[in-house]
Amino acid sequence: MKNSFLAFLLIFTVSAFAQKEHLKYVKITQKICLKKTGYQLVLNAVISDSRCPEGVTCLWAGEASAVISVYKDSKLVEDKTIVFSLKNEEDNNQWLAKYLPEKQRKIKNSNVFPYPKQGVTVAKKDYYIKIGYIK
């Protein structure tokens, strides 16, 4: 009986505190809306992509570098080169959060898409940045 109660208590505690994070996503594309007010992030260019392609075994995961333009009320504020890699993830998320609406600032992840595939060349216009945030 005592073991059953402890098992029940353990399961209840784990399920009560193991809240699933509900992620929503926002994309940063290469298009700008000139009539938008407030901050707007625009992907200026992906300048390098050395990430390990799907279907290939690599010793290093690689990284992607992108230039992101920040506009406020349709006026350029800054251009920032961001290196997307595991070691820079927290710094990138903090920088991106400064320019997102309040409800999108709890960033869980950010990355450049599409992810490279072996033997497939990605056109520059097809790149975008995907930001996952906790709702």
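The values are calculated or read from the model by the stated rules, or taken from the named source; none is laboratory data. Just so it is clear, the structure is predicted and the values come from calculations on it, not from any experiment. Quick reminder, even Gly has a Cβ in these numbers, built from the backbone with ideal geometry, and neighbours come from all protein chains shown. Note: areas computed on protein heavy atoms with side chains; ligands, DNA, RNA excluded. Shrake-Rupley method; radii C 1.70, N 1.55, O 1.52, S 1.80 Å.
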**Request:** Sort out which residues of the range 107-124 are at pLDDT 95 or above and either assigned to a strand (DSSP E or B) or of a type in the set (Lys, Arg) (or both), and write them in order of number.
**Result:** ILE107, LYS108, ASN109, SER110, ASN111, VAL112, PHE113
**Request:** Would you please name the residue that is nearest to HIS22 (Cα to Cα), looking only at residues in the range 108-131 that are open to solvent by 30 Å² or more (accessible area, probe 1.4 Å) and within 11 Å of the chain's Cα centre (by Cα)?
**Result:** LYS108
**Fill in**
Taking the range 53-65 and keeping residues touching a residue at least 12 places away in the same chain (Cβ under 8 Å) and in a loop (DSSP other than H, G, I, E, B) leaves PRO53, GLY55, VAL56, ALA61, GLY62, GLU63
**Request:** Please determine, by comparing only the residues of the range 51-84 that are among the small types (Gly, Ala, Ser) and at pLDDT below 95, which one is farthest from ASN109 (Cα to Cα).
**Result:** SER74
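On the basis of being out of contact with any Gly (no Cβ under 8 Å at 6 or more places or on another chain), under 17 Å from TYR39 (Cα atoms) and not in a helix (DSSP H, G or I), does ILE129 make the cut? Spell out the reasoning first.
Values: out of contact with any Gly (no Cβ under 8 Å at 6 or more places or on another chain): yes; under 17 Å from TYR39 (Cα atoms): yes; not in a helix (DSSP H, G or I): yes.
When the stated conditions are applied, ILE129 passes them.
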**Prompt:** Residues in the range 86-106 that are part of a helix (DSSP H, G or I), in contact with a Lys or Arg (Cβ under 9 Å, 6 or more places away or on another chain) and open to solvent by 100 Å² or more (accessible area, probe 1.4 Å): how many?
**Reply:** 1
**Request:** Mind listing just one residue for me: the one in the range 14-36 that is at pLDDT below 70 and among the aliphatic types (A, V, I, L, M) and, of those, least open to solvent (accessible area, probe 1.4 Å)?
**Result:** ALA16
**Request:** Test VAL83 against the stated conditions and say whether it is farther than 20 Å from GLY38 by Cβ, among the β-branched types (Val, Ile, Thr) and within 16 Å of the chain's Cα centre (by Cα).
**Result:** yes
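Return the only residue of ILE47, ILE68 being touching a residue at least 24 places away in the same chain (Cβ under 8 Å), among the hydrophobic types (A, V, I, L, M, F, W, C) and closer than 18 Å to GLN94 by Cβ. Steps first, answer last, please.
Numbers: ILE47 fails: closer than 18 Å to GLN94 by Cβ.
Every option except ILE68 fails the conditions.
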